[in-house]
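Below is one structure, written out as structure tokens; comments come after it.
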Amino acid sequence: MQKQTGKSGGSGGGTPAKRGRPFGSTAGSGAAGAGAATAVGDPGAPAALVGPSLQVLSALSDQNNKRIVLALQSGLKSEILWALNALTVLSFKEKDDFRRDTTPLTKVPGLLDALLQVIDEWRDIAMPKDHLKPPRVRTLGANTTLSGFGQENMEKVYSDAGTASNDQSKTEESSVTKKCSASFWFDEDGLFNNDDEGRAERQQCAIAASNIIRNFSFMPENETIMVQHRHCLETVFQCLEDQNREDDELITNMLETLVNLAPVLDLRIFSSSKPSFIKMTEKGAVHAIMGMLSSSVKPWHCAAAELIGRLIINPDNEPFLLPVIPQIYKRLVDLLSVPAYDAQAAAVSALYNVAEVNMDCRLKLASERWAVDRLLKIVKTPHPVPEVCRKTSMILESLVSEPQNRMHLLVHENTFAEILTTEGKYSDTFARILYELTARPSNKVTSGHAIWGNIN
């Protein structure tokens, strides 16, 4: 078969930075790119990398595009696995990988809906029984010898009761057996439902589909179609809501998808006129994000902090995030004290954007207990990433720009002077901070008001 070539995928230079690939994938990106090229049947791949791999076309024709969508919708195990494996190879692309094959969502109509269908099918199975409708009691023919529903035969086959010693015990056995047999038809583990092996296969398919959606979110050309797809966003936020009973890898994929889409995400889509498949509101979406922020899992609360920092850049999202700003500040300040450097970096990145929203945000951050102390500790330690220290210095400078915050910051005047003389990289910033605190004429008036009250 003649190998078809596709158009090279463009990459937007002005788009915000994406989160990294899975651990270990960035190291040796050239080998990974060559391995991916081998997987898609690139004849130019080194012979040493040739081995067991999935052979798919690097550029899918229209017929293959339709086949992938139909395979995902078919419900057949072999077809779904083929489609998921092919999409996993085609959607994964390293940062330094210059492969010719890219698969934007606009190239395959209906692909995103088909992937969401795979996830929805698993979530329907994983739904607890107490959320399902109660079984319907069959009363037709209940008093006859032959009911027509096979209940009299099921009592003989599925009865676990022993031989009764008297008529009363026989009556009790019969009533218990009838109750069990009536619910057997509606039991989740009945004849026409998945067993444990089938549930595990559905779960793995859902995880693979979420990983493909995550890979698609790295491509700048997919951002628009994904943030405008209400079903996609509703499914993502619903998975975050169910963090206590959903698969960890599925939640991680969905959370990283949101982080990638956050700079262009508008939460008002949940109140738009677009068709809704899951009842999700802006308040529910923010509640799901706060649940991830308060999680004890480090990758989750770090990603949630970064997500909040990217969401609040959009002024349209501010009305939905401002009501929970006190809870956000409290959690972010707690993350500043975590020994993990990545948690500190995520908290500083979020505070850097949130503090620039309005004056009220800066006042609340300065009044938050231990906030200034922990920000100064990051600069004094210092944090191994210079950009984190720079953003921390900028946060402190934005706080001192508000006259009401000067009393909170004057307590740390000696620390500011110490950093000014020891840290040359940030001496200009802390020089401006000390000037705002001590040299401006309005400072003495503000101090007098704070100590003696309003003097006329």
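At-a-glance table
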read-out: Sole residue being surrounded by 20 or more Cβ atoms within 10 Å (Cβ to Cβ) and closer than 15 Å to Ile308 by Cβ, chosen from Val348, Val379; value: Val348
read-out: Subset of segment 360-386 (residues that are among the charged types (D, E, K, R) and closer than 17 Å to Ala340 by Cα); value: Arg374, Lys377, Lys380
read-out: Any hit, segment 363-374, residues being crowded, with 21+ Cβ neighbours inside 10 Å and not in a helix (DSSP H, G or I); value: no
read-out: All positions within segment 103-135 that are assigned to a loop (DSSP other than H, G, I, E, B) and at pLDDT below 70; value: Thr103, Met127, Pro128, Leu132, Lys133, Pro134, Pro135
read-out: Unmet requirement for Asp360, which otherwise passes all of (1) in a helix (DSSP H, G or I); (2) closer than 25 Å to Asn253 by Cβ; value: (2)
read-out: Scope segment 328-347; condition farther than 18 Å from Ile289 by Cβ and not acidic (Asp, Glu); matching residues; value: Leu336, Ser337, Val338, Pro339, Ala340, Tyr341, Gln344, Ala345
read-out: Among residues of segment 221-257, those that are open to solvent by 30 Å² or more (accessible area, probe 1.4 Å) and either part of a helix (DSSP H, G or I) or in contact with a Phe, Trp or Tyr (Cβ under 6 Å, 6 or more places away or on another chain) (or both), counted; value: 9
read-out: Condition check for Arg331: modelled with pLDDT of 90 or more, among the charged types (D, E, K, R), over 17 Å from the mean Cα position of the chain (by Cα) and assigned to a helix (DSSP H, G or I); value: yes
read-out: Residue within segment 261-281 that is open to solvent by 20 Å² or more (accessible area, probe 1.4 Å), of a type outside the set (Ser, Thr, Tyr) and in contact with a Leu (Cβ under 7 Å, 6 or more places away or on another chain) present; value: no
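The values are calculated or read from the model by the stated rules, or taken from the named source; none is laboratory data. Just so it is clear, the model here is predicted, and its values are computed rather than measured. Ideal geometry is used to build each Cβ from the backbone, glycine not excepted, and the neighbour counts take in all protein chains shown. We work out accessible area using only protein heavy atoms, side chains counted, and drop any ligands, DNA or RNA first. Shrake-Rupley method; radii C 1.70, N 1.55, O 1.52, S 1.80 Å.
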